[in-house]
Structure formats: C-alpha cells, structure tokens
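The numbers here are math on the coordinates, done by the rules we state, and not lab data. Computed from a predicted structure; not experimentally measured. As a convention, Cβ positions derive from the backbone with ideal geometry for all residues, glycine included, and neighbour counts pool all protein chains shown.
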Amino acid sequence: MWSRDLPSEASSVTVIKDASDRYFASFVVEVNPVLLPDNGRSIGIDLGITDFATFDTGEKIKSPKPLKRRLKKLRKAQRKLSCTNKGSKRRERARKRVAKVHAKIYDVRKDFLHKLSTRIIRENQTIVLEDLAVSNMVKNRKLSRAISDLGWRSFRTMLEAKSAMYGRDFRVISRWEPTSQRCSCCGEIGGKKELLVREWTCLFCDAIHDRDINAAVNIEVAGGLPETINGRGGSRKTTTKVAASCEASTISLVKQLSLFH
Ligand SMILES: [Zn+2]
C-alpha cells in the first residue's frame, strides 16, 4: 500500500527494521527541484531553549508538549531496563519498551520539525539561520539534554534540503556575529548577556528588547539582505555562507529524499 507516489522510478530499495520492530522501506530516486515562485520575503530565525524558534516577526514557536511528557516515560522505562538481568526475557521486554518510547519521541519530533520547516519554506524566499555549533554547546552538560531533545541539527538539515528542493535561498550566518548583543534598532553593541536575561534595554537608544526577537531581527539583517527596515543591511560586513541553492546535485537530493519518508 503506497501512502505516497514516488516521483520517479527507484534505482534501489532498502528495507530497514528498527529497534522497536518497525519496518521501513527506503528508495533512491532522482528528482528535479520544484521551484516555488519567489515572493521576496525573508525570515531570520533564532533557535532557543525557552522557545524552539523565534522569528524576526516576533512570532515564537514552542517545542511540542508531548515530547516532555514522553521523556518522563522514557526515563522510567530506562530505569526498569537497568534493573533486569542480562539475557533474561524480562530484559528483552524492557529493551523493546525503551525502543518503542524512543521511536515515538523521534516521530513526534520529526513531524513537528517537518511541519515547521515546510511552513517556513513556503512562506519565505530567503531563510537565515545562525550557525549554532551544536557540538560545542552539547559539551555543556546542563544544556546538552535540552539541546539534543530539541533537534536543532535535524531542523537545519530539513531547511537546507527543502530550500534546495524548492529553490529557496538558505543562508547561515557566523555564530561570531553578536546577534544577542547588538541592538536591532540603533545597531550599537551592548555587553554580553547571560542566557537568563530575557529582556533588556539598549543604553544607547532606550529601546526595550525581547532577547530572542532582537536576535532573530539581527540574524535576518546579517543574512546580507539588500534592503532592510533600517537600511543597515547593505553596508554591514557579514560572513554569510550560502549553504544551498537551487542547483542542487543529485547526490544531495537523494539525501533529502531520505528525510521525507
Ligand atoms: Zn539601541
């Protein structure tokens, strides 16, 4: 039974069984990018822990709630597993239980990330994200749990792949850009702000900022857009990297398709 037609003849099929006994069929197919009409809109996205994403428009996206609830379930199942004896039937049952909760969490997160990335790609021609250097942040143990649960990396991969697929411009700005420190109204850079500081007032122009919205606006500006609200974007030197363009190679498109299963 097909839930979706393949865009072309598959050159190979792989069947995978995961730890919770679910079967997946993976196809390799060649596709041409389906270009969406350029609507001239752009978006700056700040990824965070309090909110999963904040847009430069001020919109904030929360992580899906079921995730938090299931994480408790997962910890309980893992505790049970650690109490069983090696090679026992109880251990096998406990192992399956852990795998099942894992699979469910993975599905909920993937669904959330797919829906959000699709919406962003549909609504915007240019998508600007900050290079997060997730591996560095994951070394910080306090942050690590939260970050690996959020799926920032998968989100970036999805945005990159879908941008290539639909002819959108996906840009990543350097993580050395002072997006949290710079005032998006006057452009002055204030001091370093701890993660706990959610709102601050610019000492130069008295503007009151929500930390994440201000960062998202700076991310959008740093994306090197020709016209910005305050006109700073054109002259500012930025280190932009166009990570994907519409001339995507077959190889990357094959990689993308595996995301759409
Ligand atoms: Zn200011």
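Residues 27, 204, 155 in ascending order of nearby Cβ atoms (within 10 Å, fewest first): 204, 27, 155. Rounded, prolate or oblate: pick one for segment 9-49, where a ≥ b ≥ c are the square roots of the eigenvalues of its C-alpha gyration tensor, a/c under 1.5 means rounded, and failing that, prolate if a/b is larger than b/c, else oblate. Verdict is oblate for segment 9-49. Which of the residue pairs 17/80; 80/115; 110/192 have a Cα-Cα distance greater than 30 Å in the structure shown? 80/115; 110/192, as the Cα separations exceed 30 Å there.
Rounded, prolate or oblate for segment 1-87? Axes are the square roots of the Cα gyration tensor eigenvalues, ordered a ≥ b ≥ c, and the cut-off for rounded is a/c under 1.5. Oblate, since a/c reaches 1.5 and b/c is not below a/b.
Counting every other Cβ atom within 10 Å of each residue's Cβ, 186, 83 order from fewest to most as 83, 186. Sorted fewest first by neighbouring Cβ atoms within 10 angstrom, 106, 166, 23 come out as 23, 106, 166.
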